[in-house]
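Enquirer: Just dropping this structure here.
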Amino acid sequence: MPDTALQELENLSEALADCYDRTVWLEHLMVRSAQIASEADVLALLSEAAQELSCAGAAICARGRWLQEVPSWLAALPAPAKRLQRREEALYAVAFPGGWLALWGHSMPFSAHDQRIVDALAQMIGVSLERLEDQVLRERLRLEEHERALASQIWSTLVPNQLSAPTGYTLLSSFQPARDLGGDFQLALGSWRVLGDVSGKGLPAAMHSGLLSGLVPIALEQPNPLKALASAAAPLLERAGAFATLALINFEQNGSLVYGSFGHPPLLVRRLDGRVEALGATAPPLGLFDPPPEAMRHFELRPGELLLVYTDGLIEAARNGELFGLERLSNLLEANSEPEVFLQELRAAMHAFEVSDDFGLHIYRYVGVGS
């Protein structure tokens, strides 16, 4: 056999052996990619590939973020639509869903076989990164659900679902958070009844409502409850970027009531002749401004008269851009002197409205001393 033919045969044998070795190595990469558990594993796999292909460097860009430091010339390149080759840096880059990888500094032009290996490597890395993202998302959701369940348990312990009626009054109430926990809260403390609403929804609002639920009993023991509550709660709410509305009412058995309202929706009083009076806020919302020196006010109820206290989730219920509104609520109260009938009519009127916020409602009726 001539020397040239022998040499060609030897070269072919070496190429076939190299191709076989690369194929075996590619199978090894597939096994490694299935075991990837972190970005560090991805980078280790890429580093091994760069070494096997005799490349000076390799890098991955995923979701617009490089997973390691890269040369400035590489960082300036746009992501390839499919593949990219540059002779200056002996670069070969391949796109995969959500990113791309690049190898450069190859000792010779990438052969067609090497390119196919890099193409396969890119797809394996893309699948591995997607799997890692799914794992991170599932773990985050699991932790969030655990935190929500814990917060819900704490919130339901601090915030009772039902309140007892003050002596001399009946109480009909409805209390429902928009989710499994929320920013509305209610308290019964001796002759005081409290209904509050912290801005926001879900876990943050529930945490702040739990905080206020613990501060209110302490504040009510002070000579000026509203000032004491504002001094304690306002700085905490301000730092969190939150605020709260709050109505505190002290019920005397003789029908005399004292109330304070931090920016809460107007309390509605239904008189015996059907007139509805709105009692406005006595102080700005907690967390926005300091309350005035005298922020408590007095009013009286006669037997049979009603007091309606609620949170803004009621009047802000919407239907095709139209709010349920204070006027509609006042008209319903004016037309119904019995709390049970009023609540029934209210629910019927709200049937077509969507309530997207926490919802709290108290209907008190004064029945008189000794009742």
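Enquirer: Calculate what fraction, in whole %, of the accessible area of the chain sits on carbon and sulfur atoms when a 1.4 Å probe is rolled over the protein chains.
Expert: Carbon and sulfur together cover 54 percent of it.
Enquirer: Run the numbers on region 254-301 and let me know its relative contact order in percent, using alpha-carbon pairs under 8 Å that are six or more apart.
Expert: Normalised by residue count, the contact order of region 254-301 is 47 percent.
Enquirer: In addition: Could you tell me the relative contact order of the chain? Use alpha-carbon pairs under 8 Å, at least six residues apart, and round to a whole percent.
Expert: Dividing the mean separation by the residue count of the chain yields 13 percent.
Enquirer: Let me ask you something else. Per residue of region 101-117, in order, report the coupling 6.51 cos²θ - 1.76 cosθ + 1.60 (Karplus, θ = phi - 60°) as ³J(HN,Hα) in whole Hz, putting x for Gly and Pro.
Expert: 10, 9, 10, 8, x, 6, 5, 8, x, 5, 6, 4, 5, 4, 4, 5, 5
Enquirer: To the nearest 10 Å², what's GLU144's accessible area with a 1.4 Å probe?
Expert: 80 Å²
Enquirer: When the chain is modelled as a GNM with alpha-carbon springs shorter than 10 Å, which of ALA165, ALA348, ALA281 fluctuates the most?
Expert: Top of the fluctuation ranking is ALA348.
Enquirer: Further, regarding this structure: Rounded to two decimals, what is the ratio between the C-alpha radius of gyration of the chain and 2.2 N^0.38 Å?
Expert: Working it through for the chain, the quotient is 1.68.
Enquirer: Also: For the chain, what does the accessible surface come to per residue with a 1.4 Å probe? Please give it in Å².
Expert: That works out to 51 Å² for each residue.
Enquirer: Express the C-alpha Rg of region 232-348 as a ratio against the empirical globular expectation 2.2 N^0.38 Å, rounded to two decimals.
Expert: 1.18
Enquirer: For the Cα atoms of the chain, what angle does the longest principal axis make with the long axis of helix 39-52, in degrees from 0 to 90, nearest 10?
Expert: The answer is roughly 10 degrees.
Enquirer: Taking a ≥ b ≥ c as the square roots of the Cα gyration tensor eigenvalues, with a/c under 1.5 meaning rounded and otherwise prolate when a/b beats b/c, else oblate, which class fits region 40-106?
Expert: It comes out rounded by the Cα gyration axes.
Enquirer: Follow-up question, since we're still on this one. How would TRP104, TRP73 line up by accessible area, probe 1.4 Å, largest first?
Expert: From most exposed to least exposed: TRP73, TRP104.
The values are calculated or read from the model by the stated rules, or taken from the named source; none is laboratory data. Quantities reported herein were computed from a predicted structural model and do not represent experimental measurements. Heavy atoms of the whole protein, side chains included, go into the accessibility calculation; ligands, DNA and RNA do not. Shrake-Rupley method; radii C 1.70, N 1.55, O 1.52, S 1.80 Å.
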